[in-house]
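In what follows, a structure is listed as structure tokens, so that the remarks can point back to it.
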Amino acid sequence: MTWSAWQPLPGWSPSATVLAETLDGGQSFRWSKEDDGVFTGLWADNIAQLRSHDTALQWRAPPALHAQVARELPRYLGHEHDWTALADALPWRSDAHLAQCVRVFRGLRLLRQPFGETLLGFLCSATKQIVQIKQMVALLAERHGASIARPACHRLPTWPELAAIPESELRACLLGFRARYIHETAQFLAARPGWLEATEAAPYAAAKARLMDLPGVGEKVADCVLLFGAGKLEAFPVDTWILKALARRYGLDGWKPAQVAHFGRTHFGPLAGIAQQYLFAWERRHGGR
DNA sequence: AGGCAGGTGGCCA
DNA sequence: TGGCCACCTGCC
């Protein structure tokens, strides 16, 4: 792969840890770290590399995609928000653990990923670890997605494309029982033109209810799709990690997911999704201690 | 080597 | 509403 020259990306100076947590901490399954510490990632028809260089962030793309990536990267990285101000609006003043998370992972962001791709990624996620989800998504792209650059770089299949793939071929991409969810969701969407776009545009509660009509989408997946793929910062996905994190750090032992979700929304407020990401980052790095 | 894993849906009381 | 279990199968 040939790349254009490194370009500065003003407005965000994440530490190496924070860059890694943002890109490769479970929000997206299409970023990977190269040996030299450079991150390579794909979304929609874009490919980019990112690196921290002398505390500044730099990006580059294949020459043919340079102009397009220059247009779309800022939105993808959430440049429309002032993340320092958002973090400051979290209730860290009355929450020592959150204060510690915000201090250690200062600059952490939520990505603004393509809505349909986010749905696909999290439909793959049930009871799988990130490494395995990345494999599934890579196989889906390699076998069923359009080529966007040479050599061998493919976007994810779109939902209309997925609707034309037999479930057996989806299973061959290591999806297991998730293949049926993806197949049936693709049929659902194929029968309802504009449904996905209307869902992305709807307010949080309505969008979540709509997503949960899809086979394979429950509370957790719906919240992930809305938080990482629709900018709904009030979404508070409760997975096994958050369950463990809140049990340990907030004394919520034995609480059920619905109770923890209610705690999250009331304790962390309208930006609960950002708090969730800080807690998640902390638990990934300090898990067990 | 075998249990487990970023959940969901269906069934039972 | 709430608990239990099947669902696939590649990793650690």
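Computed from the coordinates by the stated procedures, all read-outs in this text should not be read as laboratory data. The structure presented is a predicted model; accordingly, all values stated were derived computationally and were not measured. In this analysis, Cβ positions are derived from the backbone assuming ideal geometry, glycine residues included, and neighbour counts consider all displayed protein chains.
How much of the pair distance distribution for chain A lies past 26 Å, counting alpha-carbon pairs only, in percent? Don't jump to the answer; show the numbers that get you there.
On the way: 18288 of 41616 pairs.
Of all Cα-Cα pairs in chain A, 44 percent lie more than 26 Å apart.
For the residue pair A:Q129 and A:H267, what label-to-label distance in nm results when each label sits 7 Å from Cα along the Cα-to-beta-carbon direction?
Reported label-point gap for A:Q129 and A:H267 is 2.7 nm.
List the chymotrypsin sites (Phe, Trp or Tyr not before Pro) in region A:160-220 that DSSP assigns to loop (not H, G, I, E or B) and whose Cβ has at most 15 other Cβ atoms within 10 Å. Which are they?
Numbers: sites: A:F177, A:Y181, A:F188, A:W195, A:Y204; in loops: A:F177.
Listed in order of number, the matching sites are A:F177.
Which of the residue pairs A:K33/A:K208; A:K33/A:K232; A:K33/A:K220; A:K220/A:K256; A:K128/A:K220 have a Cα-Cα distance greater than 24 Å in the structure shown?
Numbers: A:K33/A:K208 32 Å; A:K33/A:K232 27 Å; A:K33/A:K220 27 Å; A:K220/A:K256 13 Å; A:K128/A:K220 14 Å.
Check vs 24 Å cut-off fails for A:K33/A:K208; A:K33/A:K232; A:K33/A:K220.
Dividing the alpha-carbon Rg of region A:163-289 by 2.2 N^0.38 Å yields what?
On the way: Rg = 16.6 Å, N = 127, 2.2 N^0.38 = 13.9 Å.
It is 1.19.
Would you please classify the overall shape of region A:7-80 from the alpha carbon gyration tensor, given that a ≥ b ≥ c denote the square roots of the eigenvalues, rounded means a/c under 1.5, and beyond that prolate means a/b larger than b/c while oblate covers the rest?
It comes out rounded by the Cα gyration axes.
State the extension gain, in nm to one decimal, for the chain segment bounded by A:R180 and A:T17, taking 0.36 nm per residue of separation less the distance between their alpha-carbons.
Details: separation 163, 0.36 × 163 = 58.68 nm, distance 3.62 nm.
Value of the extension gain: 55.1 nm.
Grab the other residues whose beta carbon is less than 12 angstrom from that of A:K232, score K and R as +1, D and E as -1, and report the net.
Value of the local net charge: -1.
Stokes-Einstein at 10 °C, 1.306 mPa s, Kirkwood radius from Cα pairs: D for region A:116-229 in µm² s⁻¹?
111 µm²/s
Quick one: what are the phi-derived ³J(HN,Hα) couplings along region A:191-208, Karplus 6.51/-1.76/1.60 with θ = phi - 60°, whole Hz, x for glycine and proline?
Going residue by residue, I get 7, 9, x, x, 4, 5, 5, 5, 5, 4, 7, 6, x, 3, 4, 5, 5, 5 Hz, with x marking Gly and Pro.
Given contacts defined as C-alpha pairs under 8 Å and at least six residues apart, what's the relative contact order of region A:116-229, whole-number percent? Can you show the working numbers first?
Working: 123 pairs, mean separation 30.8, N = 114.
Averaging sequence separation for qualifying contacts and normalising by length gives 27 percent for region A:116-229.
Could you work out the longest stretch of chain A that avoids the GluC sites (Glu not before Pro) located in DSSP loops with at most 13 other Cβ atoms within 10 Å?
A:81-289
Be a star and scan region A:39-73 for residues whose amide nitrogen sits under 19 Å from the point 7 Å along the Cα-to-Cβ vector of A:W241.
A:39-42
So for A:V131, A:V225, A:V38, A:V69, fewest C-beta neighbours within 10 Å to most, what's the order?
Ordered from fewest to most neighbouring Cβ atoms within 10 Å, A:V131, A:V225, A:V38, A:V69 come out as A:V131, A:V38, A:V69, A:V225.
Taking 0.36 nm per residue of sequence separation and subtracting the Cα-Cα distance, how much length would be gained by fully extending the chain between A:E167 and A:A198, in nm to one decimal? Walk me through the numbers before you get to the answer.
Working: separation 31, 0.36 × 31 = 11.16 nm, distance 2.63 nm.
Residue separation times 0.36 nm, minus the Cα-Cα distance, leaves 8.5 nm.
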